[in-house]
Amino acid sequence: MKNKSIWDEEKYLHNFDKPFDTDTFDILIIGGGMAGLHSAYFLKDSKKKIALIDKGKLASGVTSKTTGKITYLQDLVYQNLEKMYDKNISYTYYRSQKKAISLLLSIIQKQKIDCDLQKVISYTFSNEKPLEKEFERERDLLKEFDSKIDTLKKFPLSIPYLYSISAGDTYVFHPLKYLYKLIDILKEKIFFYENVTAHSIRKKEDLFWVETSKGILKAKKIIITTHYPFFIIPGFIPLKTHIENGYALAIKEKNQNFSAISYKKNIKSFRFQKDFLIYGGHSHSFSKSYDIEKEKDAFLDSFHSFSEKKIEYLWDTHDIMTDDFMPFAGEIQPNLYIATGFNKWGMTNSVISAKIIVDSILNAKNDFQYLFDPKRHYNLRRSLSFTSNLCKTGKTYICTKLDRYKKSVGCANVVKENGVWYGIYKDEKGIEHKVYNKCPHMGCSLTFNHFDKTWDCPCHGSRFGIDGDLVEGPSTYSIAVKKNTN
Ligand SMILES: Cc1cc2nc3c(=O)[nH]c(=O)nc-3n(C[C@H](O)[C@H](O)[C@H](O)COP(=O)(O)OP(=O)(O)OC[C@H]3O[C@@H](n4cnc5c(N)ncnc54)[C@H](O)[C@@H]3O)c2cc1C
């Protein structure tokens, strides 16, 4: 079994680890995943001088670990939006997802991208009895929105279910084949720079100054597509979101023409990729549990309940959930834009978010700008959701602080020396690896992830290697213990 995503088998043939050509650009995009590369794509003919920086390789973030379903059938989001706001907002969100799919398809077609695109029937299903009315409502709403929604006679998998909804005009693809080709197309027009971490942004007269790991970059406009922002102000995104971790595996299986995801507890997701079945799920918020090893075992148990096949790939990743089921895409300060909070539906939401931002920069009309506006208003329901979100993150923060006092967990331990908390991991050879046990992002305590051998921040999702190197943000700094050189 390989502990990596099935997509990572695709060879990355680029290398943009090079000095800056200049230090001033019209537009600087920070983060080269689905959202960042689509922002670059929509801007490519704008005649503006555009740079895109990434702290690692392009397309190596969450997008490289997605399950890659391109669908507007997203849990029971339409009635959730109807309850949160109203039917009109729900319908506008529906249109935004259809628009995103058509944009993706037109890029694939126009650029002739071979990315294993497959048209499939998507299913949302559930085995939870109390959800009957919810499934009915979702079906009714989708029918009203003019979709080809169906009630199923036979669900294609031999796992228990009570209700399902299906839609035919949805897709799956190979996200990295797609993005690598996009990079090929863009590399003549966009200044790409890899292994450049953005640490902070400040405004000086009419330019933004971005402090990066390789020096200052200046730009008139900035687009933040780092998945999770590395700052709190402006936007206050960490207060409006929480992180959910999810797991995926791939086994050899004959291809079938469908994808499916269950709702609401113990999520199970299925899609095929050539001769593999990708099974995903068991998403949990870190406020519920941050014991990745335990949760991964539960995920594997759920898999073994319906299959005994050999697991070829196993991986996990996390996504950002907002307090009202919709992403944040747009201006958070004049000329500073953000796209984040895709609620686990980032294949469509990243594309439409990028389009919203680029249309705003180019002064083009976009029907969805107000919908995804990061500064959108709070009604009572959203305020309650915001408060609950804040409480969950607060609970996680406190629990991780208290957990430091617990005794050693296997080979990893948290200790206090001279008033400073350290994490110590003892490797297979008995060598100790010591790091600071405090996330540089917002000061949360870190827990050891025995599966990935990383120190993880359960509050906001940063990850660090056993010697403290930064694996994943929002932190932009490492937790390596500074060596005493005297
Ligand atoms: C288990 C799982 C399954 C999923 N399956 C689906 C699915 O089937 N369909 C679907 O629609 N969505 C799915 N999603 C959601 C989707 O994968 C994500 O929402 C999407 O990939 C996020 O794209 P992104 O561009 O925002 O982030 P990323 O791909 O993470 O890109 C962000 C980039 O920013 C860079 N970066 C970060 N910080 C900095 C910094 N300070 N300086 C410079 N660069 C930085 C990173 O290195 C990274 O390359 C799934 C999510 C999970 C967790």
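The values are calculated or read from the model by the stated rules, or taken from the named source; none is laboratory data. Bear in mind that the values here come from a model prediction, so they are computed numbers and not experimental data. When we count neighbours, we look across all protein chains shown, and the Cβ atoms used for this are built from the backbone with ideal geometry, even at glycine.
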Being under 18 Å from ILE356 (Cβ atoms) and near the ligand (Cβ under 10 Å from one of its atoms) narrows ALA40, ALA35, ALA59 down to just ALA35
Taking the range 78-89 and the residues there that are surrounded by fewer than 22 Cβ atoms within 10 Å (Cβ to Cβ) and touching a residue at least 24 places away in the same chain (Cβ under 8 Å), the one that is nearest to the ligand (Cβ to nearest atom) would be ASN80
Of the residues in the range 43-56, those that are more than 30 Å from ASP469 (Cβ to Cβ) and either away from the ligand (no atom under 16 Å from the Cβ) or not aliphatic (A, V, I, L, M) (or both) come to LYS44, ASP45, SER46, LYS47, LYS48, LYS49
Check your understanding: Just to be sure, is ILE311 more than 12 Å from the chain's Cα centre (by Cα) and in the same structural domain as THR63 (by TED's automatic domain parsing)?
Key -> no
### So ILE251, is it within 11 Å of the ligand (Cβ to nearest atom) and either more than 25 Å from PHE328 (Cα to Cα) or in contact with an Asp or Glu (Cβ under 9 Å, 6 or more places away or on another chain) (or both)
no
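Taking the condition of being in a helix (DSSP H, G or I) and under 16 Å from the mean Cα position of the chain (by Cα), how many residues in the range 40-95 meet it?
4
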How many residues of the range 318-344 are polar (S, T, N, Q) and closer than 20 Å to GLN97 by Cα? The answer is 3
All-but-one check, TYR290 against (1) within 14 Å of the ligand (Cβ to nearest atom); (2) crowded, with 22+ Cβ neighbours inside 10 Å; (3) under 21 Å from PHE451 (Cβ atoms), failing number (1)
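Quick check on my filter: what residues within the range 265-278 are touching a residue at least 40 places away in the same chain (Cβ under 8 Å) and either within 14 Å of the ligand (Cβ to nearest atom) or out of contact with any helix residue (DSSP H, G or I) (no Cβ under 7 Å at 6 or more places or on another chain) (or both)?
LYS265, LYS268, SER269, PHE270, ARG271, PHE272, GLN273, LYS274, ILE278
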Those residues of the range 293-302 which are within 15 Å of the ligand (Cβ to nearest atom) and surrounded by fewer than 19 Cβ atoms within 10 Å (Cβ to Cβ) amount to ALA298, LEU300, SER302
Filtering the range 313-340 for residues that are polar (S, T, N, Q) and in a loop (DSSP other than H, G, I, E, B) leaves a count of 1
Here the residues within the range 15-28 that are in contact with an Asp or Glu (Cβ under 9 Å, 6 or more places away or on another chain) and under 22 Å from HIS227 (Cα atoms) are ASN15, PHE16, ASP17
Here, strands (runs of 3 or more DSSP E) confined to the range 202-276 with at least 2 residues that are touching a strand residue (DSSP E or B) at 6+ places or on another chain (Cβ under 6 Å), within 30 Å of GLU293 (Cβ to Cβ) and not polar (S, T, N, Q) are 241-252, 258-262, 268-273
With respect to LYS355, is the statement that it is surrounded by 20 or more Cβ atoms within 10 Å (Cβ to Cβ), over 16 Å from the mean Cα position of the chain (by Cα) and either assigned to a helix (DSSP H, G or I) or in the same structural domain as ASN88 (by TED's automatic domain parsing) (or both) true?
yes
I'd like to know if the range 462-472 contains one or more residues that are buried (at least 24 other Cβ atoms within 10 Å of the Cβ) and within 16 Å of the ligand (Cβ to nearest atom). yes
Among the residues that make up the range 136-146, is at least one of them in contact (Cβ under 8 Å) with a residue 24 or more places away in the chain, touching an Asp or Glu at 6+ places or on another chain (Cβ under 7 Å) and either assigned to a helix (DSSP H, G or I) or aliphatic (A, V, I, L, M) (or both)? yes
Residue pairs within 9 Å by beta carbon, gap of at least six or interchain, first lying in the range 184-208 and closer than 13 Å to ASN335 by Cβ, second at pLDDT below 95 and of a type in the set (Gly, Ala, Ser), listed first then second, are none
Filter the range 189-242 for residues that are of a type in the set (Asp, Glu) and more than 11 Å from the ligand (Cβ to nearest atom); the one that is nearest to the chain's Cα centre (by Cα) is ASP206
Result of the Cβ filter at 7 Å on the range 1-28, keeping first residues that are within 30 Å of GLY68 (Cα to Cα) and partners that are acidic (Asp, Glu) and outside any loop (DSSP other than H, G, I, E, B), at least 6 apart or interchain, is MET1/GLU312; LYS2/GLU312
Would you say ALA100 is modelled with pLDDT under 95, buried (at least 16 other Cβ atoms within 10 Å of the Cβ) and over 24 Å from PHE303 (Cα atoms)? no
